[in-house]
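First up is the structure itself, then whatever we jot down about it.
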Ligand code: F3S
């Protein structure tokens, strides 16, 4: 019999899964008339076209800018904040519009908001190590003040000067690269500032990679599911390929050539961060069914009259 192993960390991380679930809960609440519409998400809930399309088919609208938030009709509808989180003043706009708010900010990101707010209130300067244009970083920055700075590279770290008479607090974007974070922190610490460093990198991505490598090293064939342009899926594919030469990169079940894995005894499955559970389950079911079909075929052959 074939053994099919699906990585526990395949697909959405905890924070994104929770946010997507919360949108579907709101759709249900609206259907059963527990709330009145419309439902909005502030920014797409996830970078997966299929999911966003499904939500839009079910009536969920995406608001892209703060101006769109400001233009919302008062006292109507629900705005869902996605896992990336938002700055403090976005909550103020929503309060002013008096709309219902479902806050799906990932708890790990929320924790960074708290750190930045508290250290800023205590008169410290805050450095966020991350990409300044990333919505998560924009949100985090919005919990600080004029002494909050985003540093993305070595040059930024070299140029950084702590405002006179202040202590420094350093945090990180959750998805920032670990080694790069360490490197930039070291550069800043060399300046001898009185600093506290809080490593707020989330290990969901790293856990997914470590588990994928472990499974790939134990199976005959490995399937990696994810968008063609998803960089975290490409990385997963490379990691798996190193461990298992029969590694297949697919976007959906349709991309899988059934013959390529028909005779293997063990299959592993993992998926990138924006791959919905449904697609992972489809591939899992097919792999298990295929094994069952093979088994039947073998049995039929062995019971054929000679
Ligand atoms: Fe995901 Fe939250 Fe980590 S959104 S990547 S679990 S910080």
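Coordinate-derived values only; no laboratory data. Fair warning: this is a prediction, and the values are worked out from it, not measured in the lab. Cβ coordinates were reconstructed from backbone atoms using ideal geometry, including for glycine residues, and neighbour counts include every protein chain displayed.
In table form, for the structure just shown:
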read-out	value
Rounded FRET efficiency, nearest 0.05, which uses the C-beta distance separating residue 300 from residue 70 and R0 of 45 Å	0.10
Dimensionless Rg over Rh [segment 93-234; C-alpha; Kirkwood]	1.06
Angle between the chain longest axis and helix 277-303 axis [Cα atoms, degrees, rounded to 10]	10 degrees
FRET E, pair residue 246, residue 281, Förster distance 30 Å, beta-carbon r, rounded to 0.05	0.85
Sorted by Cβ neighbour density within 10 Å, fewest at the top, the residues 131, 36, 83, 9	36, 131, 9, 83
Rounded tilt (10° steps) of 178-189 against the dominant C-alpha axis of the chain	20 degrees
At 1.567 mPa s and 4 °C, Stokes diffusion of the chain via Kirkwood alpha-carbon radius, µm² per second	59 µm²/s
Computed FRET value (nearest 0.05) for residue 36 with residue 114, which takes r as the C-beta separation and R₀ as 35 Å	0.60
Mean-position separation - Cα centroids, segment 166-194 and segment 93-164, in angstrom	14 Å
Value of D in µm² per second that Stokes-Einstein yields for segment 71-111, Kirkwood Rh from Cα pairs, at 25 °C (0.890 mPa s)	232 µm²/s
Rg and Dmax [Cα atoms of segment 160-276; Å; Rg one decimal, Dmax integer]	20.0, 69
With Cα atoms, 0 to 90° folded angle of helix 14-31 axis to the chain main axis	90 degrees
Helix-only CD estimate at 222 nm, as mean residue ellipticity for the chain, using -39500 (n - 2.57) per DSSP H run (n ≥ 4)	-14000 deg cm²/dmol
Ranked 193, 42, 249, 159, criterion: other C-beta atoms within 10 Å, fewest first	159, 193, 249, 42
Ranking of 134, 119, 284 by count of other Cβ atoms within 10 Å, fewest first	134, 284, 119
Largest to smallest principal axis extent of the C-alpha atoms in segment 79-172, angstrom	43, 25, 20
